[in-house]
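Okay, structure first, notes after.
The numbers here are math on the coordinates, done by the rules we state, and not lab data. Only a predicted model underlies this, so the values are computations on that prediction, with no experimental measurement involved. Reconstructed Cβ throughout: ideal geometry from the backbone, glycine too, with neighbour counts over all protein chains shown.
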Amino acid sequence: MQTVALIYCNAGGGHRAAAQALQAAIQEEGRPWRVELVNLFEVLDPQSRLRKLTGLAPEDFYNQRLKRGWTLGMAQELKLLQGLIRLSHASLLKTLQQHWAATEPDLVVSLVPNFNRVLQRSVASSLPGVPFVTVMTDLADLPPSFWVDPGLQQHIVCGTPRALEQARAQGYPDEQLSLVSGMMLRPDFHRPPLEPAARAVLRLGHGLPAEAPVGVVSFGGQGSQVMVNIARQLPALPLILMCGHNERLAERLRRLPAEAPRLVLGFTPEVPRVLALGDFFIGKPGPGSLSEAVQMGLPVLTVRNAWTMPQERFNTEWVRELGIGHVLPGFRRMQPAVQALLDELPELKTRVGRVRNRAVYEVTALLARQLADAQDERPPMHTLDLLEAR
């Protein structure tokens, strides 16, 4: 049985979610592979020295900032991180080489940015002939050296034409590139939609109106304090408020007075089921959050301003280009913004319905080809555009 290693990290949650989505699709399709989820930071710091020293894991610093909305200045911090990775290249390379020599996967898939040069070099030097694939979990790259490092022997999977163009601009030939139809989502996001009668029953069971528009508010797995401000501005609108792992935020939202029914949730694995109860989405422009909402038929209301993380700014252009929602300068004037969206809701839902995302299954097919090519010692097949091949 062949082993596929999926590299992820817990910074933000999107990378882990992508790894779990890919793992679930592989299992659903019955692929004869052993899937190993590899937490990059556990490999690089197996003794948890940083956690012992500070009380926090490396990704906890990032996640705590997301909870508080402290995202200003992240572009400069990203440059610092990338500089530290370059300075530590030799040490990181040795640690990763030891890991691959011990585990010997047949295919390595990176679902993390910033580390792909040292990851690819470590695989190539310790496991010659083993393919290395980078699957972007952002709708676009943030050059230089975020997702795409020039000159590496790897295959890069891009979820949008913009990302594909960026990889080409970094010098990658078409035979090392694939375009899929979006971000990878778990198989349960691809289930048939709820029938209207069943949806109405579920909404009533949660204390929500059967027919009136319901908004879903979510800021990823860590939540955000901005949700309190949004909820205060919309007392008469039925809302589902998803707080992720931020239980303190959930308790605060439950205490807020409201005229309309509200459902406040902490962490739940039933995100597709929850989104299916809503009519539109309010949240940050994260690639996973937006893609999940659109997959479940929800137009989006999101924001772009100085606090928007640099790797998420293109996502607002994606929303505008597809006409699937509205992009705001901030969340301070929510009532008129929501009303404007509701005025266009039927048309927006039609546009959302035109978005077809089967990326997770397109990626499993590509991985199967990579494994077959490596096993047969053939040159990699030309897989520029999986969408045209279907």
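Using a 7 Å offset from the Cα along the Cα-to-Cβ direction at both E251 and A374, what is the distance between the two label points in nm, to one decimal?
4.7
Any chance you could give the angle, 0 to 90 degrees and rounded to 10, that helix 116-126 forms with the longest Cα principal axis of the chain?
Roughly 30 degrees, rounded to the nearest 10.
Quote to one decimal, in nm, the extra length available between R356 and E77 on full extension: 0.36 nm per residue of separation minus the C-alpha distance between them.
This chain segment gains 96.9 nm when fully extended.
Name the residue farthest towards the positive end of the dipole of the chain from the options A102, V135, A18, assuming +1 on Cβ of Lys and Arg, -1 on Cβ of Asp and Glu, about the Cα centre.
Sorting the options by dipole projection puts first A18.
What nm distance separates the two modelled labels at L202 and E347, each placed 7 Å from Cα along Cα→Cβ?
2.9
Give me the one-decimal Kirkwood hydrodynamic radius in Å for the range 104-209, with the sum taken over alpha-carbon pairs.
For the range 104-209, the Kirkwood estimate is 16.0 Å.
Please build a GNM for the chain, connecting alpha carbons under 10 Å apart, and tell me which residue among L127, L290, L249 fluctuates the most.
Highest fluctuation of the listed residues: L127.
Sort K349, K94 by Cβ crowding within 10 Å, fewest neighbours at the top.
Details: K349 15, K94 12.
Going from sparsest to densest Cβ surroundings: K94, K349.
Give me the dipole magnitude in Debye, nearest 20, for the range 192-353 about the Cα centre, with unit charges on the beta carbon: positive for Lys and Arg, negative for Asp and Glu.
500
If I model a spin label as a point 7 Å beyond the Cα along the Cα-Cβ vector, how far apart are those points for R86 and E259 in nm?
Result: 5.7 nm between the two label points.
For the chain, list log₁₀ I(q)/I(0) at each q in 0.11, 0.12, 0.14 Å⁻¹, using the Debye formula over Cα point scatterers of equal strength and ignoring solvent, two decimals each.
Log10 of I(q)/I(0), two decimals: -0.80, -0.95, -1.26.
Calculated from DSSP H runs of 4 or more alone, at -39500 (n - 2.57) each and per residue, what is the 222 nm mean residue ellipticity of the chain, nearest 500?
-13500 deg cm²/dmol
Quick one: Kirkwood hydrodynamic radius for the range 192-353, alpha-carbon pairs, angstrom, one decimal?
Final number for the Kirkwood radius of the range 192-353 is 15.7 Å.
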